[in-house]
Amino acid sequence: DEDIKLREKWALKELYTALGGDSWTNKNNWENIDNSIAGLYGISLSNEGYVTMIDLEHNNLVGELPDVLGYFSKLEFLNLGNNTDENGDILSNNNQISGKIPEAICNLVSLKELHLYHLNLQGRLPENFGKLVNLQKLSLKSNKLYGTIADDVFSNMTELESLNLSYNGFNGTILPKITHITSLKEVFLERNYFS
């Protein structure tokens, strides 16, 4: 559908602006986005031309996550996190993303992997976070997220294999909320206030 592709192209331009694209470490082909979104650094497309992957890990992104992130209805992989060295220190050119996780991210119902780690995200999880029912890997490690996690967040995430909420300020109970997810292989919850 050409409308979806046009909207995705517009959303990519907005994403570039919102996260300081002119200062990105690697912005190959982003300056040619008006001609084509094929070949943009960090972006993969399906055979039909829809955005399926946004991988801008460790690329000097600065700013807050824009609502246009929710426009990528076919997106399966989103990584805006930061790498660390063997001592756990963040490498240079790190992404400096702050603010809240926008509610619009809950529209990414095709998402299989969401990586927003070692950032400066604050606030609670979005209200409709549980709509991300196809998630297999979720890492929100090392942010300033807090609050209790609603009972229904994980109730339909039956594909979830890896969950990392460590080094945040979450509280309340996490069990038995995740015990029904039979696909879970690894869970990291340290450095929170879970009871």
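The values are calculated or read from the model by the stated rules, or taken from the named source; none is laboratory data. The model shown is predicted, which means the values in this text are computed figures rather than measured ones. Quick reminder, even Gly has a Cβ in these numbers, built from the backbone with ideal geometry, and neighbours come from all protein chains shown. Heads up: the accessible areas ignore ligands, DNA and RNA and are worked out on the full protein's heavy atoms, side chains in. Shrake-Rupley method; radii C 1.70, N 1.55, O 1.52, S 1.80 Å.
Taking the conditions exactly as written (under 19 Å from Leu6 (Cα atoms) and open to solvent by less than 50 Å² (accessible area, probe 1.4 Å)), does Gly88 satisfy them or not? Criteria not met by Gly88. Flag not set for Asn120, criterion: modelled with pLDDT of 95 or more, open to solvent by 40 Å² or more (accessible area, probe 1.4 Å) and either farther than 27 Å from Asn26 by Cβ or among the charged types (D, E, K, R) (or both).
Taking the residues in the range 161-174 that are part of a strand (DSSP E or B) and of a type in the set (Gly, Ala, Ser) as candidates, determine which candidate is farthest from the chain's Cα centre (by Cα). That would be Gly172.
Summed over the range 175-188, residues that are open to solvent by 50 Å² or more (accessible area, probe 1.4 Å) and either part of a loop (DSSP other than H, G, I, E, B) or at pLDDT below 95 (or both) total 6.
Against the list (1) farther than 25 Å from Ser46 by Cα; (2) at pLDDT 95 or above, the condition Asp89 fails is (2). Look at (1) assigned to a strand (DSSP E or B); (2) without any contact (Cβ under 8 Å) to a residue 12 or more places away in the chain and you find that Gly39 fails only one, number (1). Per the listing Ala104, Ala150, the residue uniquely over 14 Å from the mean Cα position of the chain (by Cα) and free of Cβ contacts under 8 Å to residues at least 60 places away in the same chain is Ala150.
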